[in-house]
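Chemist: Pasting in a structure now, in structure tokens, and then I'll have a few things to ask.
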Amino acid sequence: MQMVRWICAIATAGLATAAAVTTVGGAQPAAYRVCLDPGHEPAGDVGAVTQASFPGGEYELREVDLNLDVAHAVRRRLLELNVEVVMTWDGAGLGWPETGAPDLPPAEILSPDPETSDRLGLKARGVACVAAGAEVMFSVHHNALPGPGNGLTTLYRDPGFGQKDQDRAVAQVVHATMWDALNPGKRSRGFVDFGLLRGDWAVARGAIDIPAVIFEPVVISDPQEALRLTPTIAQAGARRLQIVEAEVAAIVAARPAVRAGLAGVSP
Ligand SMILES: [Zn+2]
């Protein structure tokens, strides 16, 4: 656990300067409205970086790229399930291929300015989710470790830092759902359940009064995992899809726990 805490690239200190955030009006409280936050930023803290080696080449797997890729795919699936999705940023200013795809409605982007969308401050991400009327925030990350190992971790906020204990309830559902999806039948030897990890995660600090959970489905510093997620490798699509489906299932499964907390907040 300590290793995970040590290496997790989510800044636990040093709040970044909040970028301008556009408030999105028209929240629909009847629908399940979630906020996806692709972790890190392409022009700054890119998160974990792994050099994946394979016969015939090498590939630099950057966490920020993977986070954005997975977040877009999760959003696409959630839209099919009639879940409302807002994103803290979507790479529009970077020419991200899915942005503006004809089969997708435009993403509701909380920081639409290309000049700032990839430099959204950590605390601003949670603030933006709340401002958009999201009921829950999911920050999309992938873990790294200083040594060997691969497995699942789910991060949530410590209620000791002023957050409601609801975060733990939501995180428990998320974690259990993802474990089943990522390790079906417990067949993946060496894939470890690192469990829940609570902390004062900077990326979640702005999400006041809504639960915030941080996905860390796999460890991309693991050479085999990095290979599975390298786009030039044939099997990368299957592993990516498994992670996407795990996160979609977790988000859907968490809805009652999210709603229970909202009911409790009402006077
Ligand atoms: Zn990260």
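None of the figures in this text is laboratory data; all of them are computed from the coordinates on show. As the structure is a computational prediction, the values presented were derived from the model and not from experiment. Neighbour counts are summed over all protein chains in view; Cβ atoms, including those assigned to glycine, are modelled from backbone coordinates with ideal geometry.
Chemist: Karplus couplings for the range 124-136 from phi (6.51 cos²θ - 1.76 cosθ + 1.60, θ = phi - 60°), rounded to Hz, Gly and Pro as x?
Modeler: 4, 5, x, 4, 5, 4, 5, 4, 7, x, 5, 8, 7
Chemist: Per residue of the range 48-53, in order, report the coupling 6.51 cos²θ - 1.76 cosθ + 1.60 (Karplus, θ = phi - 60°) as ³J(HN,Hα) in whole Hz, putting x for Gly and Pro.
Modeler: Running phi through 6.51 cos²θ - 1.76 cosθ + 1.60 with θ = phi - 60° gives 5, 10, 10, 8, 8, 10 Hz.
Chemist: Going by how many other Cβ atoms sit within 10 Å of their own, how do F138, F194, F54 line up, fewest first? Could the numbers behind the result be given before it?
Modeler: Values: F138 25, F194 19, F54 13.
The order, fewest Cβ neighbours first, is F54, F194, F138.
Chemist: Enumerate the calculated ³J(HN,Hα) couplings along the range 61-77 in order (Karplus 6.51 cos²θ - 1.76 cosθ + 1.60, θ = phi - 60°), each rounded to whole Hz, writing x wherever the residue is Gly or Pro.
Modeler: Values per residue, Gly and Pro as x: 8, 9, 4, 4, 5, 5, 4, 5, 4, 5, 4, 4, 5, 5, 4, 4, 5 Hz.
Chemist: Where the centroid of each part is defined by its Cα atoms, how far is the range 67-89 from the range 174-214 in Å?
Modeler: 18
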